[in-house]
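Structure first, then comments.
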Amino acid sequence: MPSLPNLDHERTAVDLSLDTRTQGEHTVVQITGEIDVYTAPKLREALIDLVNGGHYHLVVDVERVEFLDSTGLGVLVGGLKRVRAHDGTLAVVCTQERLLKIFRITGLTKVFSIRDSVDSAVAGS
């Protein structure tokens with residue numbers, strides 16, 4: 001009988017890509033893929049590097065995110081705490097109902113500025 005694959009070892013590719021750009025005084029982080037326990041460290045490091053580099057006004061665009069778990073939410077909260085320590089801002093761009101539901105259920109709609117576009121996020125802070 002063939003053995004079943006160990007799924008933890010099967011998932012070696014990081015299903016997350018990050019692109020950053022500057023728009024005015026804001027740094028936009030566009031995320032594509034999944035933000036979960038496997039990929040969240042990559043996002044965490046990117047946010048830490050941005051803040052350490054003096055980028056205190058961040059816009060995190062999750063429009064291309066397919067999945068977001070509690071680890072990913074924790075990374076976003078950590079990023080918000082980091083920028084706030086420098087009187088900065090972190091806005092989230094999200095129009096996907098399934099992701100917005102996660103923010104609502106966890107009460108994070110009261111914590112994050114959630115916008116429907118990058119332009120709105122840049123203009124709103």
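Round to the nearest 0.05 the FRET efficiency obtained for Arg64 and Asp87 when R0 = 35 Å and r is the Cβ-Cβ distance.
Calculated value: 0.75.
The mean sequence distance of close C-alpha pairs (under 8 Å, at least 6 residues apart), as a share of the length of the chain, puts its relative contact order at 23 percent. The DSSP beta bridges internal to segment 9-124 are antiparallel in roughly 35% of cases.
In the chain, the calculated helix contribution to ellipticity at 222 nm averages -11000 deg cm²/dmol per residue, counting -39,500 (n - 2.57) for every DSSP H run with n ≥ 4. Dipole size of the chain about its Cα centre, with +1 on Lys/Arg Cβ and -1 on Asp/Glu Cβ: approximately 440 debye, rounded to the nearest 20. Modelled label positions at Ser113 and Ser17, each set 7 Å beyond Cα in the direction of Cβ, lie 2.9 nm from each other.
The peptide list 86-92, 111-117, put in order of mean Cβ contacts within 10 Å with the highest first, becomes 86-92, 111-117. Per the Debye calculation on segment 9-124 with a single equal scatterer at every Cα and no solvent contribution, log₁₀ I(q)/I(0) for q = 0.18, 0.22 Å⁻¹ amounts to -0.87, -1.33. What is the helix-to-structure angle for 70-84, meaning the angle in degrees between its Cα long axis and the longest Cα principal axis of the chain, kept from 0 to 90 and rounded to the nearest 10? Between helix and principal axis, roughly 20 degrees. Sorting 34-42, 17-25, 62-70 by average packing, meaning the other beta carbons within 10 Å per residue, from highest down gives 34-42, 62-70, 17-25.
We did not get these values from a lab; they are worked out from the coordinates using the rules stated. Small disclaimer: the values here were computed from a predicted structure and weren't measured. Because the Cβ atoms are built from the backbone with ideal geometry, glycine has one as well, and the counts that use them run over all protein chains shown.
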